[in-house]
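Take a look at the structure below.
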Amino acid sequence: MSISVERIWWRPLDREEKIWVTIALIWCLGTFFMMPVWHVIAKQNTPNESYKVSVDDFEKLVTAFNEKYKVGMDENSGLPIVRPPAGSDVYFAGTGIWQWSSILELEAGKEYRLHISSIKGGGVEAWQHGLSIVSSKFNANFMIIPGYDYVLKITPTEAGEYGVICNEFCGIGHHLMAGKIIVKG
Amino acid sequence: MAEQFRTCPTTGLKIHKPAETLIRVNAVAAVVCLLVGGLAALLILLTRWPAVHLLNEEWFYRLLTAHALDMLIAWIIFFEVAGLYFGATVLLNNRLPAPKVGWVAFILMIVGGALINYTVLVGEATVAFTSYVPLKASPTYYLGVILFAVGALTAVLHFFAALIVAKKEKTYEGSLPMVTFGLMCAGVIAVLTLLHGAAIYIPTFLWSLNGQWGIPNDFFPGIDPMIYRLVWWGLGHPSQQINVCAMVSMWYLIATLTTGAKPLNEKLCRTAFLLYVLFINVASEHHLLVDPALSIWHKIVNTSYVMHLAVLASMIHAFAVPAMVEVALRKKGFTKGLFEWLKKAPWGNPAFASMFISLMGFGFVGGITGVTFGTEQISIIRHNTWSITGHFHGTVVLGTTLAFMGITYYIVPLIFRRQIFSETMAKLSPYFFGGGVFIFANAMMFAGGYGVPRRHWDITFAGASIPFQFDPTVFFFIALTGLGGLLAIVGGALYVLNTVASVFIGKKIQ
Ligand code: HEM
Ligand SMILES: [Cu+2]
Ligand SMILES: [Cu+2]
């Protein structure tokens, strides 16, 4: 058997094909235009503010922040409980020993500038982590990258306790990274 | 030269023997990798199921790394290399210009794959598939990846050389057959992708040498984690489009082989393939939507796939393949009503069943979720949750893997000259595998919607110093993932056993 394929490149489309391609194209253009449109009308977008910061500098910011606003201590984990004033800059990090840098207490309805990054915190390295804030009604996820300060403008809308877990593989202690954010009504 | 060819008695196709041997060894390597990756799948599946929680954390993360590499890299790429050689020789009446080069490529890939597996299994590369810096593996790991990639690149270039030879020696007339055309598009994307891979794995390899093998600690500077992510996904995302292109080519091939269907309008199908080449290589930033550093407008332009034109391509194929099957079956007389052809389609033919389930699953499970999770707002909810794992088991397992399994039922008789060992196993496998993946991919996606993370040893956080509990509903979806996963593993085991048995003890076709 010898194989031959006629030159069929320029055969016109049939009616069904034209209809389908048109529908598909319109649908694709629709989804395409909706991407910028959503960015304008949506209430919850991915944050667009970030800075380069050295791991050590961010660690200093976190330590200073924790000391300034500390209101208590979680006995089991040894983590400081920190209550920053509404509207303030909040520094929050995943550490090299697979912990979060604090337990935050925030006020519902108030905006905060949550700075997230990665620090050594007594460990050997500042890993990449995934910040995942979870409750039974809520779930939001952002990357924590060493060397970058990612600024999330957040306004907690509902009081309650939110879990903070790590969802980027960051080494052997990855699954130990549980923490919480307490939102007061 | 002539004695290097044989003619297949059933199809009349002329087959270049050295090419045939290379197709065989690559296909066998692929199935062996599927077996190893499948064993890893079973163990990690049973660990993520809190009711079983089989492995300890060390072995879980090791096998998680091994599973992804043996499946997504080794199984898929070995099979694709076999497919490329098939498309450039058997389908074109052609020869492989340099079989020795084919062997070099094969050996590089085998050595690379072995190095990767060894390093991961002894626990020196527990970095997960993405090896995000500063996580660091031992240098042999990155070296293994590089050797494998060089081998794969050699094979792809060899494929292009074979196309040129075919053209020069006029082994075929007219245009390139469409399946080969689709594979060629996959090859173009592969070359671009592998170059990207070099750009990230070579510096990372050099960095991993610091303090190893007598090399000074400051031999190579650290790699910025954000740049790593950007460049790594320049490899990680487009490499999936090689799979898409190869899978779609297999859909067309299987549709033709099982029902005698011909593409209705090749201009349309080929244009769709070209859209993949041109547009699918963007969109890599949908992995980075919730990362710092890149501006949101940059991300929006990138993730809209340049007007979603690559999505358009998939929609065209999703129309063209069922349409050609419908026309072919209607010609056979199944003309009653709208759907008699679908009812009377050769569902008992494992290749056809695989192809159709692959097509539906890729579109409805993998494709739709990919397009939605890849948008700015939804990414906030889904990023790095188990939904993502569910999504890509929809594309690369339900889609690509099942399509490759389907074509195996033709490769075994044609290239290995053996009959399929068990018709029953062949018949059941696509339904078990397809059904199982359908269940577990969807269940993973639901669990992820509640925030269940991917790559996680213990979502009950038993050892954590601050307790956290998920909504109890997630345990239902995780159990469903476990059951669906087991069903898929049974289907996959039927495929592997049957294929191995056919190749080694199947009845010989003279
Ligand atoms: C019966 C078939 C399979 C089952 C039951 C299965 C199951 C799983 C499970 C349980 C995970 C771990 C999820 C996690 O902890 O986040 C996983 C991850 C993964 N699987 Fe599969 N899988 C199967 C087949 C495949 C195939 C055929 C491929 C590729 C072609 C594949 C590619 C991957 C990849 C890339 C990951 C991600 C690993 C990571 O997050 O680093 N799987 N799979
Ligand atoms: Cu972490
Ligand atoms: Cu982690």
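The values are calculated or read from the model by the stated rules, or taken from the named source; none is laboratory data. Only a predicted model underlies this, so the values are computations on that prediction, with no experimental measurement involved. Methodologically, a virtual Cβ is constructed for each residue, glycine included, from the backbone with ideal geometry; neighbour enumeration extends over all protein chains shown. Accessible surface is based on the protein model in full, side chains and every heavy atom, while ligands, DNA and RNA are left aside. Shrake-Rupley method; radii C 1.70, N 1.55, O 1.52, S 1.80 Å.
Things to note:
- Meets criteria (in contact with a Leu (Cβ under 8 Å, 6 or more places away or on another chain), touching a residue at least 24 places away in the same chain (Cβ under 8 Å), within 14 Å of chain A (Cβ to nearest Cβ) and surrounded by 19 or more Cβ atoms within 10 Å (Cβ to Cβ)) for B:R48: no
- Selected residue [among the hydrophobic types (A, V, I, L, M, F, W, C) and open to solvent by 30 Å² or more (accessible area, probe 1.4 Å)] from B:F432, B:F404: B:F432
- Scanning the range A:157-171 for residues that are part of a strand (DSSP E or B) and more than 7 Å from ligand 3 (Cβ to nearest atom) gives A:G160, A:E161, A:Y162, A:G163, A:V164, A:I165.
- Looking only at residues in the range B:477-489 that are among the aliphatic types (A, V, I, L, M) and more than 17 Å from B:H67 (Cα to Cα), the one that is farthest from the other protein chains (Cβ to nearest Cβ) is B:L487.
- If only residues of the range A:116-136 that are more than 16 Å from ligand 3 (Cβ to nearest atom) and more than 12 Å from A:E59 (Cα to Cα) are counted, the one that is least open to solvent (accessible area, probe 1.4 Å) is A:S135.
- Some residue of the range A:60-69 being farther than 24 Å from A:I145 by Cα and either part of a strand (DSSP E or B) or open to solvent by 20 Å² or more (accessible area, probe 1.4 Å) (or both): yes
- When residues of the range B:450-476 are limited to those that are more than 16 Å from ligand 2 (Cβ to nearest atom) and open to solvent by less than 30 Å² (accessible area, probe 1.4 Å), the one farthest from the other protein chains (Cβ to nearest Cβ): B:V474
- The condition of being under 22 Å from the mean Cα position of the chain (by Cα), without any contact (Cβ under 8 Å) to a residue 24 or more places away in the chain and away from chain A (no Cβ under 14 Å) does not hold for B:L34.
- Condition met for B:K136 (over 26 Å from B:D291 (Cβ atoms), charged (D, E, K, R) and within 14 Å of chain A (Cβ to nearest Cβ)): no
- Annotation note: Cβ proximity below 8 Å between a residue of the range A:91-102 that is within 12 Å of chain B (Cβ to nearest Cβ) and of a type in the set (S, T, N, Q) and a residue that is buried (at least 23 other Cβ atoms within 10 Å of the Cβ) and part of a loop (DSSP other than H, G, I, E, B) (sequence gap 6+ or interchain) occurs for A:Q99/A:M177.
- In the range B:167-193, the residues that are of a type in the set (S, T, N, Q) and either crowded, with 21+ Cβ neighbours inside 10 Å or over 16 Å from B:K262 (Cβ atoms) (or both): B:T171, B:T180, B:T193
- Flag for B:K267 being at the interface with chain A (Cβ under 7 Å from one of its Cβ atoms), open to solvent by less than 50 Å² (accessible area, probe 1.4 Å) and charged (D, E, K, R): yes
- Looking across the range B:413-426, the residues that are among the aliphatic types (A, V, I, L, M) and at pLDDT 95 or above come down to B:I420, B:M425, B:A426.
- Enumeration of residues in the range A:71-90 that are assigned to a loop (DSSP other than H, G, I, E, B), within 14 Å of another protein chain (Cβ to nearest Cβ) and more than 16 Å from ligand 2 (Cβ to nearest atom): A:D74, A:E75, A:N76, A:G78
- Flag if B:L92 is within 27 Å of B:M247 (Cβ to Cβ), in contact (Cβ under 8 Å) with a residue 60 or more places away in the chain and open to solvent by less than 10 Å² (accessible area, probe 1.4 Å): yes
- Filter pass, A:I97 being among the hydrophobic types (A, V, I, L, M, F, W, C), within 16 Å of ligand 3 (Cβ to nearest atom) and open to solvent by 40 Å² or more (accessible area, probe 1.4 Å): yes
- Helices (runs of 4 or more DSSP H) (entirely within the range B:247-364) containing at least 2 residues that are of a type in the set (S, T, Y): B:266-279, B:305-331, B:350-361
- Checking each residue in the range B:451-466 for being over 10 Å from A:M177 (Cα atoms) and not acidic (D, E) picks out B:G451, B:V452, B:P453, B:R454, B:R455, B:H456, B:W457, B:I459, B:T460, B:A462.
A quick yes/no check of all residues on (1) at pLDDT 90 or above; (2) in a helix (DSSP H, G or I); (3) loosely packed, with under 15 Cβ neighbours inside 10 Å:
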{"residue": "A:R7", "(1), (2), (3)": "no, no, yes"}
{"residue": "A:W10", "(1), (2), (3)": "no, no, yes"}
{"residue": "A:V21", "(1), (2), (3)": "yes, yes, no"}
{"residue": "A:Y51", "(1), (2), (3)": "yes, no, yes"}
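- Boolean, B:E80 is within 14 Å of chain A (Cβ to nearest Cβ) and of a type in the set (D, E, K, R): no
- Hits in the range A:150-171 (condition: touching a residue at least 40 places away in the same chain (Cβ under 8 Å) and either facing chain B (nearest Cβ under 7 Å) or within 27 Å of B:T65 (Cβ to Cβ) (or both)): A:Y150, A:V164, A:C166, A:E168, A:C170, A:G171
- Every residue from the range A:103-149 that is free of Cβ contacts under 8 Å to residues at least 60 places away in the same chain, part of a loop (DSSP other than H, G, I, E, B) and away from ligand 2 (no atom under 12 Å from the Cβ): A:G109, A:K110, A:E111, A:G122, A:V124, A:S136, A:K137
- Out of A:I182, A:I116, sole residue that is touching a Gly at 6+ places or on another chain (Cβ under 9 Å), closer than 20 Å to B:A293 by Cα and more than 16 Å from ligand 1 (Cβ to nearest atom): A:I116
- Verdict on B:A328 being closer than 29 Å to B:A82 by Cβ, among the aliphatic types (A, V, I, L, M) and open to solvent by less than 10 Å² (accessible area, probe 1.4 Å): no
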